[in-house]
1. State all residues of segment 73-124 that are in contact with a helix residue (DSSP H, G or I) (Cβ under 6 Å, 6 or more places away or on another chain), under 21 Å from residue 51 (Cβ atoms) and either surrounded by fewer than 18 Cβ atoms within 10 Å (Cβ to Cβ) or among the basic types (Lys, Arg) (or both); if no residue qualifies, say none.
2. If I filter segment 93-103 for residues that are modelled with pLDDT of 95 or more and within 15 Å of the chain's Cα centre (by Cα), do I get at least one hit?
3. Restricting attention to segment 286-311, and to residues there that are under 26 Å from the mean Cα position of the chain (by Cα) and not polar (S, T, N, Q), which single residue is surrounded by the most Cβ atoms within 10 Å (Cβ to Cβ)?
4. Looking at 99, 104, 124 in this structure, which one is of a type in the set (Gly, Ala, Ser), closer than 24 Å to residue 183 by Cβ and in contact (Cβ under 8 Å) with a residue 12 or more places away in the chain?
5. Residues in segment 163-196 that are part of a helix (DSSP H, G or I), more than 13 Å from the chain's Cα centre (by Cα) and under 20 Å from residue 120 (Cβ atoms): how many?
6. What about residue 139, is it within 24 Å of residue 218 (Cα to Cα), without any contact (Cβ under 8 Å) to a residue 40 or more places away in the chain and of a type outside the set (Ser, Thr, Tyr)?
7. Would you be able to say whether some residue in segment 239-259 is in a loop (DSSP other than H, G, I, E, B), touching a Pro at 6+ places or on another chain (Cβ under 8 Å), within 17 Å of residue 292 (Cβ to Cβ) and not polar (S, T, N, Q)?
8. I'm trying to understand the selection: among the residues of segment 269-285, which are part of a loop (DSSP other than H, G, I, E, B) and surrounded by fewer than 20 Cβ atoms within 10 Å (Cβ to Cβ)?
Amino acid sequence: MTDNLSKSIKSTEHELSWANRGLKGNCAADVKDLCDEIVKYKKLKALRLEGNTINEEAATAIGKALEKHSEIERLIWNDLFTTRLKTEVPPSLIKLTQGLLTNGSHIVEINLSDNAFGPIGVKGLETFLSSSACFTLEELRLNNCGMGSMGGKLLAEALIACHKNSIAAGGKRFALKQFIAGRNRLEIEGSQALAKAFEIIGTLEVIRMPQNGIRPPGIEALAIAFVRNRNLRVIDLNDNTITTAAQKLASAIEKLAKLEIINLESSLIRTKGAIAVARAIVSHKNLQELYLGCNDMHTEGGLEVARAVKNMPSLKVLDLN
């Protein structure tokens, strides 16, 4: 499970990194050196700022420097607001991204993980996420942001708006590939809203939503959305509550032949759920990792899974703990 480990940048080429410098940006002067580097940088494709902390004034200065780089694609800004009040984050995000709304940039990745900005933080992203700058967005990482169900709804609305706006613009249609949002307390309503967005978008390849307090109605909504995303390779619903939704989830899994990783660990799928999942994956030729541990599963369920994967040469990891 390497998605959290800053697998964000595919290459360090054309990347400006100020990662983990402990920068405390309380005013424009504090980030002057960073802004100067941004302005001078040739062909800036990625900007890494994780492990620092900035306020609105510092964000304004950085945002102005970014205006000059229409070529930027990757915004790696996880862990950027430590010690800041939640109310400081929305205006800071608005200022950081303001110049990108009009400079013709085409963003491919946004990583804002480990910024505990809550539902209010999503408001600072709404305009940007639904703008033409994000029509090209492929990877969205929002792990451990405390969005809550309200934040999940706001995020879903922004993603749906981006899809709608991209179609209206007549160019490249919004085609998100990776959505990673663990530890956000999305619960039922947040997950249902996001499921609707996934269903509309239809291009997801990776969906990771562990530890979100999602209960069966949310799981069922996600299962419906999964089927509309036929290129799904990764489903991670670890540490939610599947229980009575196991059969519907298994039915969705059965239809997704490209799946490589399924993580349903600690999700109370129990014996009946394990049997349903086992029968769903029998014909899956690409499955590499299957996590079903800590699920209150009896021997019957474990044996059914073992039989299902017995002749599955692609499988590298099986967890039935």
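1. Correct list: 86, 95.
2. Checked segment 93-103: no residue is modelled with pLDDT of 95 or more and within 15 Å of the chain's Cα centre (by Cα).
3. Checked segment 286-311; the qualifying residue surrounded by the most Cβ atoms within 10 Å (Cβ to Cβ) is 290.
4. Step by step, each of 99, 104, 124 is checked, and only 124 is of a type in the set (Gly, Ala, Ser), closer than 24 Å to residue 183 by Cβ and in contact (Cβ under 8 Å) with a residue 12 or more places away in the chain.
5. Total satisfying the criteria: 4.
6. no
7. So far as segment 239-259 goes, yes, one or more of its residues are in a loop (DSSP other than H, G, I, E, B), touching a Pro at 6+ places or on another chain (Cβ under 8 Å), within 17 Å of residue 292 (Cβ to Cβ) and not polar (S, T, N, Q).
8. 282, 283, 285
The values are calculated or read from the model by the stated rules, or taken from the named source; none is laboratory data. Keep in mind the model is a prediction, meaning the values are calculated, not measured. Using ideal geometry, Cβ is built from the backbone for each residue, glycine included, and neighbour counts are taken over all protein chains shown.
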